[in-house]
1. Do you know which residues across region 1-44 are open to solvent by 100 Å² or more (accessible area, probe 1.4 Å) and either of a type in the set (Lys, Arg) or under 30 Å from Leu129 (Cβ atoms) (or both)?
2. Which numbered condition trips up Met319, out of (1) hydrophobic (A, V, I, L, M, F, W, C); (2) open to solvent by less than 30 Å² (accessible area, probe 1.4 Å); (3) out of contact with any strand residue (DSSP E or B) (no Cβ under 9 Å at 6 or more places or on another chain); (4) outside any helix (DSSP H, G or I)?
3. Does at least one position in region 322-331 carry a residue that is more than 16 Å from Leu226 (Cβ to Cβ) and outside any loop (DSSP other than H, G, I, E, B)?
4. Condition first: free of Cβ contacts under 8 Å to residues at least 12 places away in the same chain, closer than 29 Å to Leu297 by Cα and open to solvent by less than 40 Å² (accessible area, probe 1.4 Å). Can you find one or more residues in region 61-70 that meet it?
5. With the requirement that a residue be modelled with pLDDT of 85 or more and over 26 Å from Ala111 (Cβ atoms), what does region 17-39 give you?
6. Say we look at region 297-316 and pick out the residues that are outside any loop (DSSP other than H, G, I, E, B) and free of Cβ contacts under 8 Å to residues at least 40 places away in the same chain; which of these is surrounded by the fewest Cβ atoms within 10 Å (Cβ to Cβ)?
7. Quick one: how many residues across region 62-101 are modelled with pLDDT under 90, out of contact with any strand residue (DSSP E or B) (no Cβ under 7 Å at 6 or more places or on another chain) and not in a loop (DSSP other than H, G, I, E, B)?
8. I'd like to verify a number: residues in region 103-135 that are closer than 22 Å to Gly313 by Cβ and touching a strand residue (DSSP E or B) at 6+ places or on another chain (Cβ under 6 Å), how many?
Amino acid sequence: MPLYRYSTSKIEPLVRTTLAAEHIRERDDLQRLLIERMSIISDDLLVIAEEYNLFKDSRRRIDILAIDRTGTLVVMELKRTEDGGHMELQALRYAAMVSTVTLDHLVQTLADSRNIPVAEARDTILNWLDEPIEELPNHVRIVLVAADFSTEITSTVLWLNENYSTDISCFRLVAYRLDKDVLLDVQQIIPLPEAKDFQIQQRQKGAAVTAGISAGRDFTRYNLQLAGTIFPNLSKQAAVKLALQKLHGAGVHLQELQSVTQPGRWLAVQPAPDESVEAAFIREHPARTPAHLWFDLDIIEDGITWVTPRFGGTSTEGMLDGLAKVAGAHASLTWSRFESDVTVPN
């Protein structure tokens, strides 16, 4: 469907063009600009490296290697062609290649890519994750970005996702000419946005059950209901974090929140103008490691910004119970385990 320019006198379609016609190159233009604004595709991706090559004797390189908030590796391939070529097959090879990558190797790759110390690279990755991990999962996500996709590609991707639980997304970049400007219409065509959340929830639920059984670890996820709004399928840390933010925003005092979430572990910082919370923390608490902390909690009272550990783990349900009690008249809070969808009485 074309884009239209609206004015008070008429509605007219924009002129469609192509990436090739506009001399937009894959690596030097499209890849570079997407890395600078990855939120165009997804806001949960941390770019680890571009033109990544795991095997030194191979000439093939992954356009963009990233990691999402769960610790899952993401292979992103870009094409400016109108049919996508054979990018789905290429991406599958790359996904198989990186499925054996370890967390230590990923840390070293990020350090090399950004020319930063290994310790800083490790903290960057661990701070990006919703929950700490000991090792990367074997599952790999694939993101395909192209000017368009042939029927062969879309049918293959749909078949793989449906029958083999692959996680492949397709984004189409449609270029339009508006006077001297080139406009890009970014369309997610697989999975359709309205079906994406449901598919992700089903996949995460199955993966969590399997992982919990095989590794003996608790991957329970939670639903929250806050002031009548339901927030489904949250990790332990995400559930506690969201409850803290929403309750404080609704007027629950800081001391009440601290009283039910290990008050001695809350740390106060006072960032200078134009200074990040993390930079202020490092300056004011030089003896403490900045790993596994929430610097984006955004709980501020009397000019003091508060930083906390990423609360969760075995204390999750106790904290959610406590937060439900202090919510009081400010905002109702109930929670349930995602697996059963049965509300636990608070």
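The values are calculated or read from the model by the stated rules, or taken from the named source; none is laboratory data. From a predicted model like this one, the values you see are computed outputs, not experimental measurements. Here the Cβ positions follow ideal geometry from the backbone for every residue, glycine too, while neighbour counts run over all protein chains shown. Ligands, DNA and RNA are stripped out before the accessible areas are found, and what is left, the full protein with its side chains, is counted by its heavy atoms. Shrake-Rupley method; radii C 1.70, N 1.55, O 1.52, S 1.80 Å.
1. If the condition is that a residue be open to solvent by 100 Å² or more (accessible area, probe 1.4 Å) and either of a type in the set (Lys, Arg) or under 30 Å from Leu129 (Cβ atoms) (or both), then Lys10, Arg16, Arg25, Arg27, Arg32, Glu36, Arg37, Asp43 are the ones that fit.
2. In the conditions (1) hydrophobic (A, V, I, L, M, F, W, C); (2) open to solvent by less than 30 Å² (accessible area, probe 1.4 Å); (3) out of contact with any strand residue (DSSP E or B) (no Cβ under 9 Å at 6 or more places or on another chain); (4) outside any helix (DSSP H, G or I), Met319 misses (4) alone.
3. We begin by selecting, within region 322-331, every residue more than 16 Å from Leu226 (Cβ to Cβ); these are none.
Taking every residue of region 322-331 in turn, none turns out to be more than 16 Å from Leu226 (Cβ to Cβ) and outside any loop (DSSP other than H, G, I, E, B).
4. No, the conditions are met nowhere in region 61-70.
5. none
6. Ile304
7. Number of matching residues: 1.
8. 1
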